[in-house]
Amino acid sequence: TPKDIYVNDHDEMEARIAKKLDKTIKKLVPFLTSLDIDYYIAGTANVKVQDYAAIRTWAEDLPKEPRHLDVGPGLGANAIYSTLGFNSYYISIEANPTSYDVQRQFLRTLTSDDEKFLDLVDCNSFGLSEGSIKKELNSTNHYRFKLLPSWNFSFLDDSSIDLASATWVLNEINQAGISWLLYQISRCLRVGGYFYIRDSHLRKPMRHSLDYDVALG
């Protein structure tokens, strides 16, 4: 972790993330025996605490319980530092069906007995109207975790998000996809909110050549 973002609770938070990750993964996949899961957990916790430290350093005036929109978070492990470190209300948005299902299981397992988890695909499956789904999605403090398919991104209210993040995902998207995502994120982000991007400076062939800073400026 770079020294300029090394926060006072860095080591403590890394340990807490690792403990929560270990407990959650072993609950979801108790039969793992051949993989070095401890190595994976340690590496993931180290990456996530860096994201936590960067946001803690650069977004000092986040509200006490921010609404955190996380774009394409894979496993969903960003939810751990987000809720432990910022006491956030976490919203994951995902386009890939396999990743969506992984996040559904992961976030549901993270949800404690006194918290609630909202899955918009479940809402559709149970026949909720569009208006009812939007109401549930945009409720400020009813659900600790929410899982949103990308095709329902427009359901999120304008200027309703305090923190948006995209880690190791934007470089995977083509020109049309990145333009659409940046528009939707900017629409949802409140004035004075933060957009945290962590990605490679190298552009993958046949993806896009967009400069994020220029596009968002």
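Descriptive notes on the structure:
- Residues that are surrounded by 14 or more Cβ atoms within 10 Å (Cβ to Cβ) and within 18 Å of residue 188 (Cβ to Cβ), drawn from the range 121-141: 133, 134, 136, 137, 138
- Selection count where residues are of a type outside the set (A, V, I, L, M) and closer than 18 Å to residue 72 by Cβ, scope the range 159-217: 26
- Extreme residue, farthest from residue 21 (Cα to Cα), among residues of the range 79-104 that are surrounded by 21 or more Cβ atoms within 10 Å (Cβ to Cβ) and aliphatic (A, V, I, L, M): 93
- Odd one out for residue 35, checked against (1) open to solvent by less than 60 Å² (accessible area, probe 1.4 Å); (2) over 27 Å from residue 186 (Cβ atoms); (3) of a type in the set (A, V, I, L, M); (4) not in a helix (DSSP H, G or I): (1)
- Subset of the range 144-160 [open to solvent by less than 30 Å² (accessible area, probe 1.4 Å) and free of Cβ contacts under 8 Å to residues at least 60 places away in the same chain]: 146, 147, 148, 149, 150, 152, 155
- Identity of the residue in the range 105-120, open to solvent by less than 70 Å² (accessible area, probe 1.4 Å) and touching a strand residue (DSSP E or B) at 6+ places or on another chain (Cβ under 6 Å), that ends up farthest from residue 71 (Cα to Cα): 111
- When the range 180-212 is limited to residues that are small (Gly, Ala, Ser) and closer than 23 Å to residue 158 by Cβ, the one that is surrounded by the fewest Cβ atoms within 10 Å (Cβ to Cβ) turns out to be 192.
- Residue within the range 9-23 that is farther than 13 Å from residue 81 by Cβ, within 21 Å of the chain's Cα centre (by Cα) and open to solvent by less than 60 Å² (accessible area, probe 1.4 Å) present: yes
- Among (1) at positive phi; (2) buried (at least 18 other Cβ atoms within 10 Å of the Cβ) - the single one residue 163 does not satisfy: (1)
- If you filter the range 45-78 down to residues that are out of contact with any helix residue (DSSP H, G or I) (no Cβ under 6 Å at 6 or more places or on another chain), part of a helix (DSSP H, G or I) and not charged (D, E, K, R), you find that the one that is surrounded by the fewest Cβ atoms within 10 Å (Cβ to Cβ) is 58.
The values are calculated or read from the model by the stated rules, or taken from the named source; none is laboratory data. These numbers were taken from a predicted model, which means no experiment stands behind them. Methodologically, a virtual Cβ is constructed for each residue, glycine included, from the backbone with ideal geometry; neighbour enumeration extends over all protein chains shown. Calculation scope for accessible area: heavy atoms of the full protein, side chains included, ligands and nucleic acids excluded. Shrake-Rupley method; radii C 1.70, N 1.55, O 1.52, S 1.80 Å.
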